[in-house]
1. Under 13 Å from a point 7 Å along the Cα-to-Cβ line of Asp244: which residues of the stretch 159-174 have their amide N that close?
2. What FRET efficiency comes out for His153 versus Leu101 if R0 is 41 angstrom and r is the Cβ-Cβ distance? Round to the nearest 0.05.
3. Please calculate how many Å² of accessible area the stretch 91-256 carries per residue, with a 1.4 Å probe and no DNA, RNA or ligand atoms counted.
4. Can you list residues whose amide H is under 5 Å from Met173's amide H, if they're 5+ apart or on another chain and H is modeled 1.01 Å from N?
5. Given a 1.4 angstrom probe, I'd like the percentage of the accessible area of the stretch 130-195 that is carbon and sulfur, rounded to a whole number.
6. Ordered by residue, what ³J(HN,Hα) values in Hz, to whole numbers, does the stretch 262-278 give under the Karplus form 6.51 cos²θ - 1.76 cosθ + 1.60, where θ = phi - 60° and Gly and Pro are x?
7. Give the Cα extents of the stretch 91-256 along the principal axes, in whole Å, largest first.
8. I'd like the Karplus ³J(HN,Hα) series for the stretch 100-107: coefficients 6.51, -1.76, 1.60, θ = phi - 60°, whole numbers in Hz, and an x wherever there's a Gly or Pro.
Amino acid sequence: MPESATPESAMPAPATAGAYGGTAGPRRRRFDKGSVATHAVLCLGAVIMVFPFVWQVLTAYKTMPESVQVPPSFLPESWRGDAFREVFSALPFLEMLGNSLLNTLGRTLGQLVFCSLAAYAFARMQFRGKNVLFAIFLSVLMVPAQLLILPQHQIIQEMGLLNSVPALFLPGMFSAFGVFLLRQFFMSLPKELEEAARIDGAGSLRIFWSVMLPLVRPALAALAVITSMWSWNDLLWPLVVNTDPEAMPISAGLTSLEGQFLTNYPVLMAGSAVASLPMLILYLLLQRHFVQGIALSGSKA
């Protein structure tokens, strides 16, 4: 009986010759200069974007003389948190935060509802004059928002809603940009899903709510983040429509901390830092959906 031979698959692979006749060792990862340069630029951009927030927090812990000295100091000499307590006594801070929250929720929910309905109609329905009407919708994007302040103020005044929270979000419950963003996403969905639902007997509203709307969650999240940040930071409209401090949002309330001759920068920076936290938390929670929604919104015209 012949001796048992070792299978070829179990034998160690022969060493391969290198480019110059030597034996090639383990493969080394190539040094990609382009990737290093890209990461360096991204890190530099991240530092530039984060630096204002870091300076804001550091200024909030400084004393008043430290915040205005020349040349400026980066770190405070003694870490003082008095500014965070003073901002709550200088302003009705909690009421203003509540007004900002209601303003943001009202605008965001309104745009998600109205923009999604209009976008679905423009993307999936057929009716006479659809393209012309959609072009008129997009033309609103070319109109400066400042031109609409006077007519919107007159409408709110005739409704008797001046110095009230609904006056903050009622004019902003619709957005031509939101319709365009969601329309692009609806158009990227396959028609077979809608046709299958119609075969099962579903109507247009049922198809929109149960079939199509769950598929555009990334775009809805992107619109929610954009609308929330814009509503939270809106300044001009709240200053025009509400003059009562208890009806102002926090963006308009912080402007009252700027004096004509002297501004308490530590208190102002402390209030700004606290007011920025809700939007930072919202963006961190919806960051993945926000990036996905923006990336896929233009996949199909």
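1. Within reach of a label on Asp244: 160-168.
2. 0.95
3. Working: 8580 Å² over 166 residues.
Heavy-atom SASA per residue in the stretch 91-256 reads 52 Å².
4. The answer is none.
5. Details: 2680 of 3900 Å².
Ligands and nucleic acids excluded, carbon and sulfur reach 69 percent.
6. Computed from phi, the couplings for the stretch 262-278 are 8, 10, 7, 5, x, 5, 5, 5, 5, x, 5, 5, 5, 5, 7, 4, x Hz.
7. Cα extents, longest axis first: 58, 32, 24 Å.
8. 5, 5, 5, 4, 5, 5, x, 5
The values are calculated or read from the model by the stated rules, or taken from the named source; none is laboratory data. Everything numeric in this text was worked out from a predicted model, so none of it was measured. All Cβ positions, glycine included, derive from the backbone under ideal geometry; neighbour counts span all protein chains shown. When the accessible area is computed, the model is the full protein with side chains, heavy atoms only, and any ligands, DNA or RNA have been set aside. Shrake-Rupley method; radii C 1.70, N 1.55, O 1.52, S 1.80 Å.
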